[in-house]
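Shown next, in structure tokens, is the structure this report addresses.
The values are calculated or read from the model by the stated rules, or taken from the named source; none is laboratory data. Note that the structure is predicted; figures quoted are calculated from it, not measured. Quick reminder, even Gly has a Cβ in these numbers, built from the backbone with ideal geometry, and neighbours come from all protein chains shown. Quick note on the areas: whole protein, heavy atoms, side chains included, nothing else; ligands and nucleic acids left out. Shrake-Rupley method; radii C 1.70, N 1.55, O 1.52, S 1.80 Å.
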Amino acid sequence: MFENLQDGLSSALKSLSGKGKLSESNMRDGLKLVERSLLEADVSYEVVRTFMKNVTEVAVGEKVLKSLNPSQQIVGTVHQELINLMGPVDHSLHLKGPGEVTVLMMCGLQGSGKTTSCGKLGRMLKQRGRKPLLVAADLQRPAAIDQLHVLGEQLDIPVYSERGEQDPVKVCNNAVKQAKKLGADTVILDTAGRLHIDDELMGQLERIDKQCNPEQIYLVCDGMTGQDAVNSAQAFNQALEIDGVIMTKLDGDARGGAALSVKQVTGVPIKFIGTGEHLDALEEFHPDRMAGRILG
Ligand code: GDP
């Protein structure tokens, strides 16, 4: 892990080997490497700046441990700080008990992987013994209803849709009301996305939130988009107070800096990550693994 960074740090910190304390001046070159590594991992600039300030404060004054060389020590400190910032681990879905219907609302920009993630979450819930119902409330994208029905068939999970209905709030409301009758205990609302955030989209989502009173609201965001993921997370969180994030497309070569940035600017936990197009490619988020990936 972190071999490149470790090598770079080893040469930058050669003079420190063996003794003394870490100070800001003798760590300068090493900290520059850490900063570069974070920026390369697509962590947003503002977040990197704050992070570097904190990690410097933590590291300065630390004794150089006999058992480690200074580069290992700095990497260890940086790694631990990243874990602290992306944690604590929180995978809970806040599902209600038997006989009650839990509503989970999914939101996100178009193309973020929202509809696919609804299917993945449905599959995970079914495996855990729940009875999910997928609700096609993305009426912006004509193919979205069909896409959800295809997913439902593949997973053998019922899908609620009202073709011809223009108002997604009504669709969600009707679905929640009929959930019990349809034998479901967990309703997953696949709401509309847009290419960009706009007031109409946010207004619509706020109305669904008010009417259906979801137990949890999850933002699906594309882990490959870096700063865009941060901007959309901020906007969705302001309008809706999201409870968790599902970060998709982390099977690619994205280093995952968006996970740190999104957690930092919203304070909302990353619950799951999407690691592929297949419906089983949903994993619980682990800050330690992501910290390793960010450091490269
Ligand atoms: P929506 O517009 O947000 O509902 O997005 P979709 O669910 O239709 O997904 C958009 C594209 O991203 C599709 O081609 C999906 O197969 C793909 N996708 C979704 N999640 C992931 C993921 O975790 N990894 C990869 N590689 N592709 C994904």
Cα→Cβ-extended label distance, 7 Å offset, between ASP251 and GLN178, nm: 3.3
VAL60 accessible area, 1.4 Å probe, all protein chains in place, Å² to nearest 10: 60
Protein accessible area in segment 137-267, 1.4 Å probe - carbon and sulfur %: 43
Solvent-accessible area per residue for the chain (1.4 angstrom probe, square angstrom): 46
Within the accessible area of segment 41-116 (1.4 Å probe), percent carbon and sulfur: 55
Length released on extending from ARG163 to HIS286, taking residue separation times 0.36 nm less the Cα-Cα span: 40.4 nm
Top positive-direction residue, dipole computed over segment 93-172 with Cβ charges, set VAL101, MET124, TYR160: MET124
Under-5 Å amide H pairs with VAL220, H placed in peptide plane, nonlocal only: CYS107, GLY108, ILE246
Descending principal axes extents, segment 250-296, alpha-carbon based, whole Å: 29, 23, 15
Most fluctuating residue given options ALA239, ALA192, ALA259, as computed from a GNM of the chain linking Cα atoms under 10 Å: ALA239
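Provide the FRET efficiency to the nearest 0.05 for the VAL58-GLN234 pair, computing r from the beta carbons and using R0 = 25 Å. Walk me through the intermediate numbers first.
Working: r = 26 Å, r/R0 = 1.06.
For VAL58 and GLN234, the calculated efficiency is 0.40.
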Cα centre as origin, Lys/Arg/Asp/Glu Cβ charges: the chain dipole, Debye: 740
Considering only the chain, percent of DSSP beta bridges that pair antiparallel, nearest 5: 15
The chain: DSSP helices with Cα axial extent of at least 27 Å and average Kyte-Doolittle hydropathy no lower than 0.0: none
Out-of-range pairs (alpha-carbon distance over 20 Å; input LYS181/LYS210; LYS131/LYS210; LYS120/LYS271; LYS177/LYS210; LYS96/LYS181): LYS181/LYS210; LYS131/LYS210
Segment 177-231-segment 144-162 distance, computed between alpha-carbon centres (Å): 17
Sparse-neighbourhood loop sites, trypsin sites (Lys or Arg not before Pro) in segment 117-203 - DSSP loop, at most 11 other Cβ within 10 angstrom: ARG128, ARG163, LYS181
Kirkwood hydrodynamic radius over Cα pairs of the chain, then Stokes diffusion coefficient at 4 °C and 1.567 mPa s, in µm²/s: 63
